[in-house]
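Engineer: Dumping the structure here so I can ask a few things about it.
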Amino acid sequence: MKNNPVPEIEAILQDVTARLKDFRKEKCCLIPILQMIQHRHAHLPHETIKLVADHLGIAPCEVYGVATFYNQFRFHPPGKHPIKVCLGTACHVRGGSIILENFERKLRIKDGETTPDKEFSIERVACVGCCALAPVTVLDDQVHGHMAPSKVEGLILGFEIEKQKQEREKAKDDF
Ligand code: FES
């Protein structure tokens, strides 16, 4: 038996189908369409790729090819706490990729992915404008400069402690 799509995806597919009517069925509309989906849904769900391909009369792999070429597109919804690791030149030179690896290892996800509990997502970004603080990470829109592996540990640990505290308080309230 075929699985029903989860309601959230169903709603996204309905929305995208309705919006596609505003776009001509021409290949030059591909990027604006992908931008529209990402703008409305914060990512490009895989299920929408076929819709776009059908609308434009091209193969889904062609849509994927374009979407994966540009850094602006992501295939996973951002987490509650988006982590942006800067890999601009200054940050790269000062070990930005080591910081990225540390976040990936600590959270067990890769760049562009979201943790299964939807708490964190990791994204590599270009210069965020604070090169003097390189390497830089932006977490929840807060800039963290002079990043080091120990700071990665500390940031994640801080969230874990806060989450446990909230859970304890909630359990007390429910009691
Ligand atoms: S290169 Fe990272 S802040 Fe400029």
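Please treat every number below as a calculation from the coordinates, not as lab data. Note that the structure is predicted; figures quoted are calculated from it, not measured. With ideal geometry, Cβ positions are generated from the backbone for all residues, glycine too; neighbour counts draw on all protein chains shown.
Engineer: Along Cα→Cβ, 7 Å out, is where each label goes; now give me the distance between the ones at HIS46 and ASP141 in nm to one decimal.
Structural biologist: Simple spin-label model gives 3.2 nm for this pair.
Engineer: Round to the nearest 10 and give me the degree value, 0 to 90, for the angle of helix 60-69's Cα axis relative to the longest principal axis of the chain.
Structural biologist: That works out to roughly 40 degrees.
Engineer: With a Förster radius of 22 Å, plug the Cβ-Cβ distance of GLN164 and LYS106 into 1/(1 + (r/R0)^6) and report the FRET value to the nearest 0.05.
Structural biologist: E between GLN164 and LYS106, to the nearest 0.05, is 0.85.
Engineer: Consider just the alpha-carbon atoms of the range 81-174 and return their Rg together with their Dmax, both in angstrom.
Structural biologist: Using the Cα atoms of the range 81-174, the pair Rg, Dmax is 14.3, 50 Å.
Engineer: To the nearest 20 debye, what charge dipole does the range 81-174 have about its Cα centre, counting +1 at the Cβ of each Lys and Arg and -1 at the Cβ of each Asp and Glu?
Structural biologist: Working: 14 positive and 16 negative charges, 59 e Å.
Taking the Cα centre of the range 81-174 as origin, the dipole is about 280 debye.
Engineer: If you take the alpha carbon radius of gyration of the chain and divide it by 2.2 N^0.38 Å, what ratio comes out, to two decimals?
Structural biologist: It is 1.23.
Engineer: Still on this structure, I have one more. Run down the lysines and flag those whose C-alpha is under 30 Å from the C-alpha of LYS118, throwing out any fewer than 8 positions away in its chain.
Structural biologist: LYS2, LYS50, LYS80, LYS84, LYS106, LYS110, LYS151, LYS163, LYS165, LYS170, LYS172
Engineer: Taking the DSSP beta bridges in the chain as the whole, what percent of them are antiparallel, to the nearest 5?
Structural biologist: Details: 7 of 13 bridges.
For the chain, the DSSP antiparallel bridge percentage is about 55.
Engineer: Please compute the modelled spin-label separation between THR115 and LYS80, points set 7 Å along Cα→Cβ, answer in nm with one decimal.
Structural biologist: Calculated label separation equals 1.0 nm.
Engineer: Additional query: In the chain, what cysteines have no partner Cβ closer than 4.7 Å?
Structural biologist: CYS28, CYS29, CYS61, CYS127, CYS130, CYS131
Engineer: Given that compact globular proteins tend to follow 2.2 N^0.38 Å, what is the ratio of the alpha-carbon Rg of the range 7-69 to that value? Numbers along the way, then the final one.
Structural biologist: Working: Rg = 10.5 Å, N = 63, 2.2 N^0.38 = 10.6 Å.
Cα-based Rg divided by the globular estimate yields 0.99.
Engineer: Same structure again: Any idea what angle helix 30-41 forms with the longest principal axis of the chain, computed on alpha-carbon atoms, 0 to 90 degrees, nearest 10?
Structural biologist: Relative to the chain, helix 30-41 is tipped by roughly 50 degrees.
Engineer: Along the charge dipole of the chain, which of SER97, CYS61, LEU51 sits closest to the positive end, that is, farthest toward it, with unit charges on the beta carbon of Lys, Arg, Asp and Glu (+1, +1, -1, -1)?
Structural biologist: Comparing the listed Cα positions along the dipole, CYS61 ranks first.
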